[in-house]
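Quick notes on the structure that follows.
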C-alpha cells in the first residue's frame with residue numbers, strides 16, 4: 001500500500017466518521033439523555049477544533065504504522081506468523097489485542113501524572129456528547145499510537161485487521177459519548193460484552209472512584225477481568241468534567257492545547273477524589 005493510497009484511505013475514513021458524527025448528533029436531538037445546557041454550545045467549537053487536529057495527526061500516524069505493518073507482513077515477522085491461521089481468526093485476535101492495548105494505554109494515562117496531563121484535556125469537558133469523542137490533545141494521540149504500535153508490531157497484525165479495529169473503535173467511541181437516552185436494562189445487557197453509552201458516561205464522572213473505571217473502548221471484557229468495571233446504570237446521573245475547569249476561558253481551543261503544560265494541581269493528581277482535589 002503506497003503512501004498516497006494510505007492518505008486517500010485516511011481521508012475516506014474521516015469522511016465516514018464525520019458522517020456518523022452528524023447522524024449521532026441528530027439522534028441526540030431526538031432522544032437526549034440530558035437537556036442541552038449552556039455547555040452544549042460553548043464546548044462545540046473547541047471540541048470540533050481538537051477533533052480536526054486529531055484527524056490530521058492520525059492520518060500521519062496511521063500512514064506510518066500501516067507502512068511498518070506492510071513490511072512486517074511481507075517479511076513474516078510477528079507472533080501471528082508463527083503458525084498459519086485462518087484470516088478471520090487472525091483478524092479477531094488483532095481486534096481483541098488492539099482493544100486490550102487501548103485498555104492498557106488508557107489505564108496508564110490515568111495512573112501516570114505525566115500522561116494524565118494530556119488525557120485530562122478529554123476529561124475536562126463539562127458536558128459529554130458526540131463532539132467530546134475526539135476532543136483529544138495531540139500529545140494523547142502520540143501516547144495512544146505508541147501503545148497500539150507496540151501490540152500491532154509484536155503480533156505482526158495485517159493492515160486490514162488494523163483498519164477494521166480503527167474504524168470500529170472510532171464509531172463505537174461516537175456512541176459511547178453520545179448524549180442519548182438508552183433503556184437501562186438494554187444498556188446493562190449490552191455492557192456484558194461491549195462498552196455502552198451509560199457505561200462510558202461513568203468514566204467521565206468528577207469522582208475519581210468512578211473516573212478510574214470503565215476504561216474499555218469496544219469490549220467491556222477487560223474492565224470486568226481486571227476489576228475496573230462499574231455498572232452502567234450509574235451512568236445516567238453522572239456530573240461530568242474536572243473541578244476547577246468550568247471557566248469558559250479554560251475551555252477555549254488555545255487553553256486546552258496549553259493545558260498539559262500548565263502548573264495546575266488538579267492535573268498532577270488524577271488519583272484524588274473530587275473532595276480532595278484542590279480548586280485551581
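Geometric descriptor of segment 134-189, per residue, is 112 Å³ (volume of the convex hull of the Cα atoms). Normalising the average separation of contacting C-alpha pairs (under 8 angstrom, six or more residues apart) by the number of residues puts the relative contact order of the chain at 24 percent. Put simply, when 138-147, 215-224 are sorted by average Cβ atoms within 10 angstrom per residue, most first, you get 215-224, 138-147. Estimated at 0.36 nm per residue, the fully extended path between residue 85 and residue 184 surpasses their Cα-Cα distance by 31.7 nm.
Across all directions, the average projected area of the convex hull around the alpha carbons of segment 71-212 is 9.6 nm².
Among 240, 165, the order by Cβ neighbours within 10 angstrom, fewest to most, reads 240, 165.
Cβ-Cβ distance of residue 93 and residue 239, R₀ of 51 Å, FRET efficiency by 1/(1 + (r/R0)^6): the value works out to about 0.85.
With neighbour counts taken as other beta-carbon atoms within 10 Å, the residues 48, 192 rank, fewest first, as 192, 48. Taking the number of Cβ atoms within 10 Å of each Cβ as an exposure proxy, the fewest-first ranking of 253, 196 is 253, 196. Sequence gap at least 6, Cα distance under 8 Å: using those rules, report the relative contact order of segment 1-139 to the nearest whole percent. Over segment 1-139, the number comes to 42 percent.
Cα convex hull, the chain: 124 Å³ per residue, rounded to a whole number. What does the extension gain come out to for residue 146 and residue 263, with contour length at 0.36 nm per residue minus their alpha carbon separation? Value of the extension gain: 39.6 nm. With the helix formula -39500 (n - 2.57) applied to DSSP H stretches of n ≥ 4, the chain reaches a computed 222 nm mean residue ellipticity of -19500 deg cm²/dmol. Fully extending the segment from residue 168 to residue 52, taken as 0.36 nm per residue of separation minus the present Cα-Cα distance, adds 39.9 nm.
FYI, it's all coordinate maths here, none of it is from the lab. A quick note: this is a predicted structure, and the numbers were derived from the prediction, not measured. Cβ sites come from the backbone with ideal geometry, for glycine too, and all protein chains shown count toward neighbours.
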